[in-house]
Amino acid sequence: MTDTPPKRGLARNTANYGDPDFALYLRRSFAKSMGYSQAMLDKPVVGIVDTGSDYNNCHRTVPDLIEAVKRGVLAAGGLPLAFPTVSLCEPSLFPTSMHYRNLAAIDTEAMLTAQPMDAAVLVGGCDKTVPAQLMAAASADIPAVQLVTGPMLATSFQGERLAACTDCRRYWAGYRAGTVTQERIGQIEGRLATTAGTCGVMGTASTMACVAEALGMVPLGHGSIPAVHADRLRAAEEAGALAVHLIEHPIRPSEIMTPEAVENALRVLLALGGSTNALIHLTAIAGRLGIKIDLHRLNVLSDSTPVLVDLQPTGEGYMEDFHAAGGMHALLWELRELLHLDCRDVTGMQLKDRLAKPEFVDRRYIRAFNEPVSPVGGIVSLFGSLAPRGAILKRSAATPSLFETEARAVVFDGLEDLANRIDDPALDVTKDDILVLKNAGSLTPAGMPEAGYLPIPSKLARAGIKDMVRMSDCRMSGTAFGTIVLHITPEAAAGGPLGLVESGDRIRLSVKQRSLDLLVDEATLAKRRAAWAPPPKPGRGWDRLIAEQVLQADEGCDLAIMRPAAE
Ligand code: FES
């Protein structure tokens, strides 16, 4: 008896009419209505995830990229079929794009598995899109290539270079402090993002592009190509051809994103001084494959991984500088002694073959291993009575003199309370206090926003204060900076100790000890705990699903039902 050959192309996943042959007949006849010949319909299919949207400036080039991907697929002998999925743009979404990352992941996974395709190209770029697509690819586990839209270019304006979005924050902080005029802030608004592409610094989108490259899902050298370069289109064409190659030589995402590849990606995140959000996303992606990221292990890696990349928000350069300086090849070369070199990427090559020889590097932006920007990694995790399951601090973007702080807490109960009181001249606050924001985690209607970068109270900002210790259960933009403790877990709305903190309590932060403690006696806390009640759940819909299913930051804020079934 001969084995039935595996179904391919349009013959995959036929609709359930009770007669598979009829289902395929129907599918083909309907496909023919789009003008395809029989010869085209017999080819292997590459699905192309289209996240173009009029709401998503970071994805403005997606139509051009898809055309180039299609060219690559056709030239390699496949049938390219693009399809739309949820598109997430940071500033376009209420309450926050993070609230919808899992929706995009569900949508993408469902379409990758429901529609007939032999391989896929995932076209995304803005902060949450790439993580959502990698989560989906991990769960669908069909051969897939990630294509990112690429970063924007910086613009020269009156003697300085500007790009979203560290410069946005710097100028806005100046405006709040009264050192930037209304007229100037208006001028700057039009110069911060002048080309297509994702934010031009090592924010979340750029970090995720590099992380995806380190994981092996983006071909080496493709993650940092600027959005408007012709090379970006050539990378898209190559991604299309590669997807066809993967059909004959399949490597599944689960064979690429192994525990070793995840550890390589963590090393890269640390060496980049990359976005703290990437840690949540990488945790969620790895979690889809049953790989746990241990925050204690993160500290071990952080202490042995130098920051080598000198880009905003922690340094000087922009993403175009990183790319021109040698990009990920140069960075991985410097880190090679620390990496698992047997990992294979989406091309099938092992990292050791990829790194067979050094290539050009510009030391202004990518430092030598033994001459780092900082001898230790950009992010550390903290544990203690205020964060039993952990919290994180981006030490590369923080003020070292604030690393060992014991101080009085000034507490805000949520975003509304923060907005109402932070600039109140009567607010009882000094530069030595710790600002605490609670009830802004993933379980709340706030949707774990990037509000961890609490503004310096305006009366202190006007007095010249640029940084204070700030902490919360929410996130911070990858483009932000300051001594900011994030992702306190469990969050306040989950009943974590953060929910019990009151103004006047004392808190101790020790980066040296990796600790974060609430210095309040147990009897007092027990009283407060007895009076605490969880927030009411939204009545219906996506918000309700989130409230019932979302996991905490140490599990990547994924939905419990989307994790592997064995858990
Ligand atoms: Fe899309 Fe920054 S807003 S990458």
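Suppose the chain between residue 530 and residue 114 were pulled fully straight at 0.36 nm per residue; how much longer would it get relative to their current alpha carbon spacing?
145.0 nm
Roughly speaking, to the nearest percent, how much of the chain's 1.4 Å accessible area is carbon and sulfur?
Using a 1.4 Å probe with all protein chains present, the chain comes out at 53 percent carbon and sulfur.
Given a cut-off of under 8 Å on Cα pairs at least six residues apart, what relative contact order in percent is computed for the chain?
Result for the chain is 13 percent.
Where nothing but the Cβ of Lys and Arg (+1) and of Asp and Glu (-1) is charged, how large is the charge dipole of the chain around its Cα centre, in debye to the nearest 20?
Roughly 240 debye, rounded to the nearest 20.
Heads up, I need the accessible area for residue 332: 1.4 angstrom probe, whole protein in place, Å², nearest 10.
For residue 332, the solvent-accessible surface is approximately 10 Å².
Near residue 276, within a Cβ-to-Cβ distance under 10 Å, what is the net charge of the other residues, with Lys and Arg +1 and Asp and Glu -1?
Here the charged neighbours net out to +1.
Please give the solvent-accessible surface of residue 369 in Å², to the nearest 10, using a probe radius of 1.4 Å with every protein chain present.
80 Å²
Could you point to the residue in 223, 168, 369 farthest towards the positive end of the chain's charge dipole, with +1 and -1 charges on the Cβ of Lys/Arg and Asp/Glu respectively?
Toward the positive end, the furthest listed residue is 168.
About the Cα centre, and with charges only on the beta carbon of Lys, Arg (+1) and Asp, Glu (-1), how big is the dipole of region 153-284? Nearest 20 debye, please.
560 debye
Normalised by the residues of region 247-336, what does the relative contact order come to in percent, with Cα pairs under 8 Å and at least six apart?
It comes to 29 percent, rounded to a whole number.
Would you mind getting me the FRET efficiency between residue 38 and residue 353? Use the beta-carbon distance for r and R0 = 35 Å, nearest 0.05.
According to the calculation, E is roughly 0.30.
Could you state the accessible area per residue of the chain in Å², with a 1.4 Å probe and every protein chain left in place?
Per-residue accessible area for the chain comes out at 40 Å².
For the chain, what is the percent of antiparallel DSSP beta bridges, rounded to the nearest 5?
45 percent
Once you place label points 7 Å from the Cα toward the Cβ at residue 523 and residue 183, how far apart are they in nm?
The modelled label-to-label distance comes out at 6.4 nm.
Could you sort out which of 292/527; 357/512; 292/394 sit more than 29 Å apart by Cα distance in this structure?
Checking Cα-Cα distances, 292/527; 357/512 exceed 29 Å.
Given the protein chains as shown and a 1.4 Å probe, how many square angstrom of residue 217 are accessible, to the nearest 10?
0 Å²
Residues of region 285-311 with backbone nitrogen within less than 20 Å of a virtual label 7 Å along the Cα-to-Cβ line of residue 542, please, listed as ranges.
Hits in region 285-311 for residue 542 at 20 Å: 285.
The values are calculated or read from the model by the stated rules, or taken from the named source; none is laboratory data. Everything quoted here is computed from the prediction, not taken from an experiment. For neighbour counting, all protein chains shown are included, and Cβ atoms are generated from backbone atoms with ideal geometry for every residue, glycine included. These area figures cover heavy atoms from the full protein model, side chains too; ligands, DNA and RNA do not enter into them. Shrake-Rupley method; radii C 1.70, N 1.55, O 1.52, S 1.80 Å.
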